[in-house]
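Asker: The structure that follows is given in the form of structure tokens.
Nothing in this text is a laboratory measurement; each read-out follows from the coordinates by a stated rule. These numbers were taken from a predicted model, which means no experiment stands behind them. Neighbour counts are summed over all protein chains in view; Cβ atoms, including those assigned to glycine, are modelled from backbone coordinates with ideal geometry.
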Amino acid sequence: NAGVTQTPKFQVLKTGQSMTLQCAQDMNHEYMSWYRQDPGMGLRLIHYSVGAGITDQGEVPNGYNVSRSTTEDFPLRLLSAAPSQTSVYFCASSWDTGELFFGEGSRLTVL
Amino acid sequence: AQRVTQPEKLLSVFKGAPVELKCNYSYSGSPELFWYVQYSRQRLQLLLRHISRESIKGFTADLNKGETSFHLKKPFAQEEDSAMYYCALLPSGSRLTFGEGTQLTVNP
């Protein structure tokens, strides 16, 4: 039981490039979400999903896309990377929306 | 809108001393509150939630609706308690909102 798995762990992009952060969970959780963690700003919700085929925006969705074609996977796409998207990204899943199970995080640097 | 405030970005105590990490929230309804912890090189994980009223690793937190606070306390800090702590609020029908986090360092 791997829990929540995120890839890659580290990534460096140039401004304007696109990429996808992968997230997979093997706990059969319906709820999945993406957060970004920035110093002094805590964790901010980017997008979330309450089940396959259903996604919604969080607090800071601009510049990011998500899809949920299966219960297990919830990829986060950066369409055209900007330096302001330099951050640590966390994927999380849960049975309910309070107790979240987090991945190890993906550290993204945009030059 | 709901908001969670952790006024201390950094907190340093000595081993064996009491520790209190402050959390204040603003929300007009009846909230669920949580503390999450991230130890060095480990995943962010749930430490405790107020509805369970448990003591986890010696930590307790009491919801004070009058003062809109949910401070995390431990009477005798240990070096292994050094970590980043996040307070989080779950408004009814919504998503978790996290505070800014407090980095706790317990010195030997």
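Asker: How about the range A:1-59: which of its residues are over 25 Å from B:Tyr85 (Cβ atoms) and without any contact (Cβ under 8 Å) to a residue 24 or more places away in the chain?
Answerer: Within the range A:1-59, A:Val50, A:Gly51, A:Ala52, A:Gly53, A:Ile54, A:Thr55, A:Asp56, A:Gln57 meet the criteria.
Asker: Then there is this: Which numbered condition in (1) of a type outside the set (A, V, I, L, M, F, W, C); (2) under 22 Å from B:Met84 (Cα atoms); (3) out of contact with any Phe, Trp or Tyr (no Cβ under 6 Å at 6 or more places or on another chain) is the only one that A:Arg77 fails?
Answerer: Of the numbered conditions (1) of a type outside the set (A, V, I, L, M, F, W, C); (2) under 22 Å from B:Met84 (Cα atoms); (3) out of contact with any Phe, Trp or Tyr (no Cβ under 6 Å at 6 or more places or on another chain), the odd one out for A:Arg77 is (2).
Asker: Tell me which strands (runs of 3 or more DSSP E) are completely within the range B:6-103 and hold 1 or more residues being of a type outside the set (Asp, Glu), at the interface with chain A (Cβ under 9 Å from one of its Cβ atoms) and surrounded by 13 or more Cβ atoms within 10 Å (Cβ to Cβ), or say none if there are none. Explain how you work it out, then say what you get.
Answerer: Values: elements: B:10-14, B:19-21, B:24-26, B:32-38, B:45-49, B:72-74, B:83-90.
Ranges flagged: B:32-38, B:45-49, B:83-90.
Asker: Also: Starting from residues that are within 14 Å of chain B (Cβ to nearest Cβ) and in a strand (DSSP E or B), keep the ones in the range A:56-65 and report whichever is nearest to A:Thr15 (Cα to Cα). Show your work before the answer.
Answerer: We begin by selecting, within the range A:56-65, every residue within 14 Å of chain B (Cβ to nearest Cβ); these are A:56-61.
If we keep only those that are in a strand (DSSP E or B) as well, we get A:56-57.
Values: A:Asp56: 26, A:Gln57: 23 Å.
So the residue we want is A:Gln57.
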